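Input: a single structure, listed below in structure tokens.
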Amino acid sequence: MEGTSCFKPSSHCDSTGLVPPVWEYTHALGVCIFGGYVYHGARRPDLAGSYICADYGSGRIWSLRRSAGGPVTSREIAFTHLPIVSFGLDDSQELYICSFEGKIYRLK
């Protein structure tokens with residue numbers, strides 16, 4: 001499932017056999033999520049083991065983490081206003097952000 005809200009029909013949709021998302025956000029925060037990578041770099045030890053994702057429309061970047069057997073927690077780690085379309089890694093496992101404007105940024 002892309003989210004837990006129904007689209008067509010707008011209510012009482014059948015989710016039988018579908019896997020719900022582990023995390024979602026409203027259109028008040030963004031419009032199109034791009035997945036990324038689990039962070040294993042050295043520059044940001046606070047993000048070690050976190051899944052990093054971003055929103056194309058707002059430029060927000062989040063880290064997602066699941067504790068053993070617990071729920072997924074999210075933390076907004078940047079609000080860039082960039083149209084983020086992808087992520088990449090270098091040889092040191094540091095994360096880079098690719099924007100639709102044709103530039104690549106390093107996560108600091």
request  = Would you be able to tell me the number of residues in segment 79-105 that are assigned to a loop (DSSP other than H, G, I, E, B) and under 22 Å from residue 27 (Cβ atoms)?
outcome  = 5
query = Can you pull out the residues in segment 43-72 that are in contact (Cβ under 8 Å) with a residue 40 or more places away in the chain and charged (D, E, K, R)?
reply = 43, 44, 66
ask   = Within segment 25-44, how many residues are out of contact with any Phe, Trp or Tyr (no Cβ under 6 Å at 6 or more places or on another chain), over 13 Å from residue 95 (Cβ atoms) and not in a strand (DSSP E or B)?
value = 7
query = Does any residue in segment 14-31 that is within 17 Å of residue 82 (Cα to Cα) come within less than 9 Å, Cβ to Cβ, of a residue that is outside any loop (DSSP other than H, G, I, E, B) and among the basic types (Lys, Arg) six or more places away or on a different chain, and which pairs are these?
reply = 29/60; 30/60
key: Subset tally (residues that are among the aliphatic types (A, V, I, L, M) and either part of a loop (DSSP other than H, G, I, E, B) or more than 13 Å from the chain's Cα centre (by Cα) (or both)) for segment 48-78   = 2
key: Residue count, segment 61-99 (criterion: touching a Leu at 6+ places or on another chain (Cβ under 8 Å) and of a type in the set (A, V, I, L, M, F, W, C))   = 8
request  = Go through (1) within 30 Å of residue 7 (Cα to Cα); (2) in contact (Cβ under 8 Å) with a residue 24 or more places away in the chain one by one and return the number of the condition residue 92 breaks.
outcome  = (1)
Of all residues in segment 54-104 being closer than 23 Å to residue 21 by Cα and of a type in the set (Asp, Glu), the one that is surrounded by the fewest Cβ atoms within 10 Å (Cβ to Cβ) = 76
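Here, each number is a calculation from the coordinates, and none is a lab measurement. Given the structure is predicted, the values throughout are model-derived calculations rather than measurements. Using ideal geometry, Cβ is built from the backbone for each residue, glycine included, and neighbour counts are taken over all protein chains shown.
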